[in-house]
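For reference, the structure is listed below as structure tokens.
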Amino acid sequence: MSINFYSELKKNLYGELRENFDLSKSNWLGIGGKANFFFKPKDLKDLQIFLRNNNKHFPIIVIGSGSNLLIRDKGFDGVVIKFGKDFDYIKINNDIINCGPATPKSILAEYAANNNLTGFEFLYCIPGTIAGGVVMNSGCYGGDISKVVLSVTVIDMNGEIKIISNKDINFSYRHSSLTKNQIITNIEMKGSFLEKQKILEIMKNLKNKKDSEQPQKIKTGGSTFKNPKNSEKKAWQLIKESGCADLRVGGIKLSNLHCNFLENLDKASSQDAENLIEKIKKEVFKKTNVNLELELEVVGKK
């Protein structure tokens, strides 16, 4: 995408298209370099125009709130897409909810509760937007997105749109078969009816539990590692028992409240974070023979 091409394309778009965009303020850890281009489409048609003109020339990633993201200091060689208000919506019809990819999970949970729909309470405890949650099958306290999703609408890198049903997505623990070449534009979900006050009580209890167990109002990236399948212990227990809970590299350490959460203390670099991650993985494997797998997504140039 040359400068001339960029200038011509910009004339045909209604959304925001910027060059050399600083990504450090687009994720919760507050770490990251620059992207060649940043695009915030006005609507679905605008997104289609962009994708068809890009024609796979530049790699593309989509970011939501950046709550589970580590962006490398050298930035991203391509286009970062972030959805704006036109992609943040919730529509309800009986027990069916349709929402946009930029809808915050907590807002969706509140909306469902206000319409007497249960099954979404766990989302109240998970930061970030719903599309990212679908891709990684976010969950907590016994709930996960695969249990409420009916289908997702996606657009591919050629601007073609299709609907994929739950049975064709292949959900598993913190994973789905959706690829980076499939950008989610709508999520259809199904709940079941329950008295509003009972739903709100469930949400309140889950939120209180989360607030007592996980760090709040810090520069973090959410859960760093997935809970391993081949161990009865959770990731944080393995980290603690391996003597890694107090580790620090440069400006980054593990949270005192929950040692599976990174905390950016003072202008940490992505290399600090990756070095700490590798150190933890090495120690945990040495002490427990368990190979921890990242839940945090790492993007950008090495």
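In the range 148-199, how many are outside any strand (DSSP E or B), acidic (Asp, Glu) and in contact (Cβ under 8 Å) with a residue 60 or more places away in the chain?
Residues in the range 148-199 being outside any strand (DSSP E or B), acidic (Asp, Glu) and in contact (Cβ under 8 Å) with a residue 60 or more places away in the chain: 1 in total.
For the range 200-224, what are the residues that are open to solvent by less than 50 Å² (accessible area, probe 1.4 Å) and either more than 22 Å from ALA235 (Cα to Cα) or not in a loop (DSSP other than H, G, I, E, B) (or both)?
Correct list: MET203, LEU206, LYS210, SER223.
Residues in the range 104-147 that are of a type in the set (Ser, Thr, Tyr), farther than 19 Å from GLN216 by Cβ and outside any helix (DSSP H, G or I): how many? I'd like the intermediate steps shown before the answer.
Residues of the range 104-147 of a type in the set (Ser, Thr, Tyr): 106, 111, 118, 124, 129, 138, 141, 146.
Retained after the next criterion (residues that are farther than 19 Å from GLN216 by Cβ): 111, 118, 146.
Right, trim to outside any helix (DSSP H, G or I) and you get 118.
The total comes to 1.
Does the range 168-182 contain any residue that is over 20 Å from SER146 (Cβ atoms) and more than 21 Å from the chain's Cα centre (by Cα)?
No, every residue in the range 168-182 fails to be over 20 Å from SER146 (Cβ atoms) and more than 21 Å from the chain's Cα centre (by Cα).
Would you check if SER67 is out of contact with any Cys (no Cβ under 8 Å at 6 or more places or on another chain), closer than 28 Å to GLY300 by Cβ, open to solvent by less than 20 Å² (accessible area, probe 1.4 Å) and hydroxyl-bearing (Ser, Thr, Tyr)?
So SER67 passes the test.
Report, by residue number, each residue of the range 90-113 that is more than 19 Å from SER138 (Cα to Cα) and open to solvent by 60 Å² or more (accessible area, probe 1.4 Å).
LYS91, ASN93, ASN94
Please work out if GLU232 is of a type in the set (Asp, Glu) and open to solvent by 90 Å² or more (accessible area, probe 1.4 Å).
Judged against the criteria, GLU232 is a match.
Can you tell me which residue is surrounded by the most Cβ atoms within 10 Å (Cβ to Cβ) among those in the range 1-35 that are under 21 Å from the mean Cα position of the chain (by Cα) and not in a loop (DSSP other than H, G, I, E, B)?
ALA35
Here's the yes/no breakdown for (1) over 18 Å from TYR89 (Cα atoms); (2) open to solvent by less than 30 Å² (accessible area, probe 1.4 Å):
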{"position": "VAL134", "(1), (2)": "no, yes"}
{"position": "ASN137", "(1), (2)": "yes, yes"}
{"position": "VAL148", "(1), (2)": "no, yes"}
{"position": "VAL152", "(1), (2)": "no, yes"}
{"position": "MET157", "(1), (2)": "yes, yes"}
{"position": "ILE161", "(1), (2)": "yes, no"}
{"position": "LEU178", "(1), (2)": "yes, yes"}
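Right, ILE31: among the hydrophobic types (A, V, I, L, M, F, W, C), modelled with pLDDT of 95 or more and over 21 Å from ALA131 (Cβ atoms) or not?
yes
The values are calculated or read from the model by the stated rules, or taken from the named source; none is laboratory data. Quantities reported herein were computed from a predicted structural model and do not represent experimental measurements. For neighbour counting, all protein chains shown are included, and Cβ atoms are generated from backbone atoms with ideal geometry for every residue, glycine included. The accessibility values were calculated without ligands, DNA or RNA, using every heavy atom of the protein model including side chains. Shrake-Rupley method; radii C 1.70, N 1.55, O 1.52, S 1.80 Å.
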